[in-house]
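Worksheet: the structure to be examined is printed underneath.
The values are calculated or read from the model by the stated rules, or taken from the named source; none is laboratory data. Everything numeric in this text was worked out from a predicted model, so none of it was measured. With ideal geometry, Cβ positions are generated from the backbone for all residues, glycine too; neighbour counts draw on all protein chains shown. Calculation scope for accessible area: heavy atoms of the full protein, side chains included, ligands and nucleic acids excluded. Shrake-Rupley method; radii C 1.70, N 1.55, O 1.52, S 1.80 Å.
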Amino acid sequence: MNPFPLILSSPSGGGKTTIARMLLDRREDLGYSISCTTRAPRNGEVQGQDYHFLSRDDFVSRRARGEFAESAEVHGNLYGTLRSEVDRVFSAGRHVVMDIDIQGARQFVAAYPESVLVFLLPPSAETLLGRLMGRNTESPEAVLRRLKGARDELAAVGSYQYVVVNDALDQAFVQVASIIDAETVRHRRVPLLEDRVRQLVDGLDREITKYARAT
Ligand code: 5GP
């Protein structure tokens with residue numbers, strides 16, 4: 001298998017974290033790249049599991065040392081993907097699931113052009129607002145900031161290879177899983193394809209000769 005990065009982006013409340021969790025729970029061939037962030041943990045979030053929560057100083061000095069494959073400021077906080085996280089998942093032979101914003105996705109693709117980009121669209125503005133308010137963890141100002149961010153993020157849909165409308169969660173999950181399956185058998189990702197085809201051709205040549213002699 002030739003593992004690849006799978007980038008899931010959507011406005012906050014678009015469901016990417018939920019879908020990423022479902023994929024990771026149900027598929028052995030995936031691993032999660034745990035991002036770094038300077039935002040404070042939300043209730044229930046675990047250090048080193050949901051995120052590596054870093055101070056701004058620590059984040060900035062790691063960034064200066066070139067530790068990040070991409071980083072971006074989102075809603076007033078810094079977020080970034082450590083190169084070491086991507087390597088960790090790849091070396092386990094797994095595709096890397098990444099829940100990153102559109103600025104980060106752009107930088108990441110420049111560094112890892114084999115990335116597969118999936119944009120999750122919320123079915124409606126009302127649904128998005130409902131999901132954000134349902135979290136009960138954000139101030140009204142933060143909700144407003146995320147809604148405004150969502151409007152801007154939608155402009156990036158055109159640069160994603162796949163778009164999945166997250167109306168019914170199970171269906172959106174199946175669609176993203178199908179994208180992974182299809183990408184796995186892309187021509188350029190099939191391991192040792194040329195050798196395989198050459199062996200088949202050689203085998204066929206032998207069979208043709210044998211068959212022709214026998215008839
Ligand atoms: P949240 O604070 O709700 O967990 O995430 C806010 C936004 O930051 C989401 O759009 C999420 O995709 C994005 N994000 C999370 N991790 C990263 C990362 O490592 N890099 C970038 N660029 N964005 C990230």
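One decimal place: the segment residue 56-residue 181 gains 41.2 nm when fully extended, by the rule 0.36 nm per residue minus the C-alpha distance. Once a ≥ b ≥ c are taken as the square roots of the eigenvalues of the Cα gyration tensor of the stretch 128-215, is the result rounded (a/c under 1.5), prolate (a/b larger than b/c) or oblate (a/b not larger than b/c)? The shape class here is prolate.
Within the listed set 77, 43, 136, the residue fluctuating most in the Gaussian network model of the chain (springs between alpha-carbon atoms under 10 angstrom) is 43. Entry note, the stretch 22-126: relative contact order of 28 percent, from Cα contacts under 8 Å with a spacing of 6+ residues. Counting 0.36 nm for each residue step from residue 84 to residue 207 and taking away their Cα separation leaves a gain of 39.4 nm.
Between rounded, prolate and oblate, where does the stretch 1-94 land on the alpha carbon gyration tensor, with a ≥ b ≥ c its root eigenvalues, rounded for a/c under 1.5, else prolate if a/b exceeds b/c? Here the stretch 1-94 falls in the oblate category.
Annotation for the stretch 73-146: trypsin sites (Lys or Arg not before Pro) lying in DSSP loop with at most 15 further Cβ atoms inside 10 Å of their Cβ are 135. For trypsin sites (Lys or Arg not before Pro), the sites in the stretch 154-215 that DSSP calls loop and that have at most 13 other Cβ atoms within 10 Å are 186.
For the stretch 107-138, applying the loop criterion from DSSP together with a ceiling of 12 other beta carbons within 10 Å to the GluC sites (Glu not before Pro) yields no site. Distant-in-sequence amide contacts of residue 32, defined by a placed amide H-H separation under 5 Å and a gap of 5 or more residues or a different chain, comprise 97. Comparing 123, 191, 11 in a Gaussian network model of the chain where C-alpha atoms under 10 Å apart are linked, the largest mean-square fluctuation is found at 191. Relative contact order of the chain, taken over Cα pairs closer than 8 Å and 6 or more residues apart, is 30 percent. Prolate is the label for the chain, because the ratio a/c of its alpha-carbon gyration tensor axes (a ≥ b ≥ c) is 1.5 or higher and a/b is greater than b/c.
Leaving out ligands, DNA and RNA, and with a 1.4 Å probe, what % of the accessible surface on the chain is carbon or sulfur? C and S fraction of accessible area: 53 percent.
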